[in-house]
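Student: Questions regarding the structure given below will be posed in turn.
The values are calculated or read from the model by the stated rules, or taken from the named source; none is laboratory data. Everything numeric here is computed off the predicted structure, so don't read it as measured data. So basically every Cβ, Gly included, is an ideal-geometry build from the backbone, and we count neighbours across all protein chains shown.
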Amino acid sequence: MPRQLLLDVMVGKLATYLRMCGYDTVYAGEADLEADAAIRERAHASGRTLVTRDRDLAASTDGAILLTDREIEGQLAELQAHGVDIDLPSEPERCSVCNGRVDAVDGERPEHAPDGVAVWQCRDCGQFFWKGSHWEQVQETIDGIFE
């Protein structure tokens, strides 16, 4: 099961979901990768599995996962069928914004965090996270692909 992924711009909406599921996920649109050759080279050089809807790019990239569905639920189901475990971990591991690692916050919490919930902060961008309505919505979407 791949743990390091590279998403091309055709499947960029998956980045948040995969990061929340704990995958080290680089999105080509955030990494200034536009040309197929650059995407292919980055996947190869970094040992990442390419995820794309581009048939030609998938065919020319060893180990690539070709998705056919346009909707996020279908894409998540296709990834699951390819052996990518689609499930939220008990605690966040990655920043859904920048892909950095997150740590539990001890001490000062952001003012807007609800009382009594665990909070995590990204080591790279400083973003705070907790299991709130966004986490619940992503869980509902994931649950929906297994029904």
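Student: Under the condition of being among the hydroxyl-bearing types (S, T, Y), in the same structural domain as C21 (by TED's automatic domain parsing) and in contact with a strand residue (DSSP E or B) (Cβ under 9 Å, 6 or more places away or on another chain), which residue from the range 51-103 is nearest to E30 (Cα to Cα)?
Tutor: Ranking the qualifying residues of the range 51-103, first place goes to T52.
Student: Within the range 10-24, track down each residue that is of a type in the set (K, R) and more than 18 Å from D103 (Cβ to Cβ).
Tutor: Scanning the range 10-24 gives a single hit, K13.
Student: Same structure, new question: For the structure I just gave you, tell me whether D103 is acidic (D, E) and closer than 20 Å to G12 by Cα.
Tutor: Judged against the criteria, D103 is not a match.
Student: Pick from G29, G22: which is assigned by TED's automatic domain parsing to the domain that holds D56, in contact with a helix residue (DSSP H, G or I) (Cβ under 6 Å, 6 or more places away or on another chain) and not in a helix (DSSP H, G or I)?
Tutor: Exactly one of G29, G22 is assigned by TED's automatic domain parsing to the domain that holds D56, in contact with a helix residue (DSSP H, G or I) (Cβ under 6 Å, 6 or more places away or on another chain) and not in a helix (DSSP H, G or I), namely G29.
Student: Would you point out which residue out of G116, G47, G100 is more than 23 Å from I145 (Cβ to Cβ) and without any contact (Cβ under 8 Å) to a residue 24 or more places away in the chain?
Tutor: G116
Student: Next question. Taking the range 61-73, which residues are surrounded by fewer than 18 Cβ atoms within 10 Å (Cβ to Cβ) and either in a strand (DSSP E or B) or at positive phi (or both)?
Tutor: G63, L66
Yes/no matrix, rows are residues, columns are (1) assigned to a loop (DSSP other than H, G, I, E, B); (2) surrounded by 15 or more Cβ atoms within 10 Å (Cβ to Cβ); (3) under 15 Å from the mean Cα position of the chain (by Cα):
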| position | (1), (2), (3) |
| --- | --- |
| H44 | no, no, no |
| A58 | no, yes, no |
| Q75 | no, yes, yes |
| L88 | yes, yes, yes |
| P92 | yes, yes, yes |
| D103 | no, no, no |
| G107 | yes, no, no |
| P114 | yes, no, no |
| Q121 | no, yes, no |
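Student: Name, by its number, the condition in (1) more than 21 Å from Y17 (Cα to Cα); (2) touching a residue at least 60 places away in the same chain (Cβ under 8 Å); (3) of a type in the set (A, V, I, L, M) that does not hold for V138.
Tutor: (1)
Student: I would also like to ask the following. Filtering the range 14-36 down to residues that are of a type in the set (G, A, S) and within 21 Å of T68 (Cα to Cα), which residue is surrounded by the fewest Cβ atoms within 10 Å (Cβ to Cβ)?
Tutor: A35
Student: I've got another one for you. Would a scan of the range 41-54 turn up a residue that is of a type in the set (V, I, T) and under 19 Å from I142 (Cβ atoms)?
Tutor: Yes; the residues of the range 41-54 include at least one that is of a type in the set (V, I, T) and under 19 Å from I142 (Cβ atoms).
Student: Based on this model, can you work out whether L57 counts as touching a residue at least 12 places away in the same chain (Cβ under 8 Å), closer than 29 Å to R123 by Cβ and not acidic (D, E)?
Tutor: So L57 does not fit the description; no.
Student: Hey, can you tell me all the residues within the range 46-56 that are loosely packed, with under 12 Cβ neighbours inside 10 Å and assigned to a loop (DSSP other than H, G, I, E, B)?
Tutor: G47, the sole residue that qualifies.
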